[in-house]
Amino acid sequence: MVSLRDYGWDEHFAEAFGRLHDAALEPARVTRAAAAIFRVRGETYHGQATLAGKLRHGAATSAELPAVGDWVALRSPSSGDPRIDAVLPRRSMLSRNVAGKRTSEQVVAANVDRVVVVMGLDRDFNLRRLERYLTAIRESGAQPLVLLNKTDLCEETDARAAEVREVAPGVPVLLASCKYGDGVDAVRSHVGAGETAVLVGSSGAGKSTLINRLLGEVVQPTRETREDDDRGRHTTTHRELFRLPGGGLLIDSPGIRELQLWGGESSLQQAFDDIDELARGCRFRDCTHGEETGCAVIAAVESGELAVERLENFRELQKELRYLEKKQNESAQRAEKKKWRSIRKEYRRFTKKRGR
Ligand SMILES: Nc1nc2c(ncn2[C@@H]2O[C@H](COP(=O)(O)OP(=O)(O)OP(=O)(O)O)[C@@H](O)[C@H]2O)c(=O)[nH]1
Ligand SMILES: [Zn+2]
């Protein structure tokens, strides 16, 4: 029998579960979420589960539905028809905006403690992209970690690491050559027992190579195996949540790998706290650090204190976030309206019945 703690269960979730006050429910963690079919891992039950009707129909937005990593309350797992009754409050979540006419939030992983940004020390190395990742991670509630991979291909690893530390103050920066196994133990030591990590980074950065190293077995096809073997041969496993030998947990899914920006401006301020600090000296409170007079940020660029690329990236992200925020507000209003419409309908039905 596995212990729930092995899957990251703790007092926070136990308390939330206790508040449901229903002895017919059992806690379980979602190890895979695809369309309406879920795989869950509980103390006694381990297998498929579907959504209870009230969860399927009652959710105002898709963000309220279970995602991989979620802790859920299962109804009657021993009956042969286990249903997910409720999603326990999340401690953190990684989400992305779903492409389409309407922007809507899709949770790609829940209850993640650590996001490892894997960046190659080859042509993949890009500080501006790293800043974007860090902004998105800060929004999620998880802690970032930067892994500079492919040290075997780089002559100036220390200089690169120093550049990263400069744009990511306070974030642990590790060097590794996942292909040869160097530096992988350090990653493992940053994912404690019961903690959940995910990997993000460009295609080819070495995420699958790292996962296979961390797990000590080949579970994710790397570029070579994908090319050499017939497709899918290595993808026999459909899990998305893995237990690491050291007791940590790892979530990996295509949705996470394509992590995009989703979030508000407060996360931007955290990722660019140097600019935030400088902005206090701007003449206007709502200064966009563009052409305004009395802009302390532009002054810092002119004096060489701040890299112009960093400011440009900041302004680009700010524009993107403002646009997203506007669209999010619109779709949140729509969801709210929809909810009220159904509540009103329910109410009318109720009063009609009583009036009869
Ligand atoms: N030289 C060198 N190559 C590496 C290293 N780590 C990974 N690679 C190679 O980089 C290529 C891409 O690695 P993957 O692990 O498949 O990359 P990925 O990030 O999983 O890519 P996607 O699955 O597309 O997201 C493969 O050819 C790996 O062998 C390393 O430390 N050094
Ligand atoms: Zn300014």
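The values are calculated or read from the model by the stated rules, or taken from the named source; none is laboratory data. All figures in this text were calculated on a predicted structure; none of them were measured in a lab. We place every Cβ from the backbone using ideal geometry, glycine too, and count neighbours over all the protein chains shown. Surface areas here come from the heavy atoms of the whole protein model, side chains and all, with no ligands, DNA or RNA. Shrake-Rupley method; radii C 1.70, N 1.55, O 1.52, S 1.80 Å.
One table, with the values for the structure above:
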| quantity | calculated |
| --- | --- |
| Selection within segment 280-303 - aliphatic (A, V, I, L, M) and near ligand 2 (Cβ under 9 Å from one of its atoms) | A296, V297, I298, A299 |
| Out of D152, D158, D122, sole residue that is farther than 26 Å from Q318 by Cα, touching a Phe, Trp or Tyr at 6+ places or on another chain (Cβ under 7 Å) and not assigned by TED's automatic domain parsing to the domain that holds L321 | D152 |
| Only listed residue being without any contact (Cβ under 8 Å) to a residue 40 or more places away in the chain and surrounded by fewer than 21 Cβ atoms within 10 Å (Cβ to Cβ), chosen from A49, A16, A35 | A35 |
| Residues of segment 237-265 satisfying the condition of being modelled with pLDDT of 60 or more and more than 29 Å from L317 (Cα to Cα) | R239, E240, L241, F242, R243, L244, P245, G246, G247, G248, L249 |
| Segments classed as helices (runs of 4 or more DSSP H), wholly inside segment 145-222, with at least 2 members that are more than 22 Å from R123 (Cα to Cα) and more than 10 Å from ligand 1 (Cβ to nearest atom) | 184-189, 207-215 |
| Any hit, segment 135-143, residues being assigned by TED's automatic domain parsing to the domain that holds R213 and at pLDDT 90 or above | yes |
| Subset tally (residues that are open to solvent by less than 10 Å² (accessible area, probe 1.4 Å) and part of a helix (DSSP H, G or I)) for segment 101-135 | 4 |
| Test: residue in segment 56-75 that is buried (at least 20 other Cβ atoms within 10 Å of the Cβ), at pLDDT 90 or above and more than 21 Å from V198 (Cβ to Cβ) | yes |
| Selection within segment 185-219 - crowded, with 18+ Cβ neighbours inside 10 Å and of a type in the set (A, V, I, L, M, F, W, C) | V187, V191, A197, V198, L199, V200, A205, L210, I211, L214, V219 |
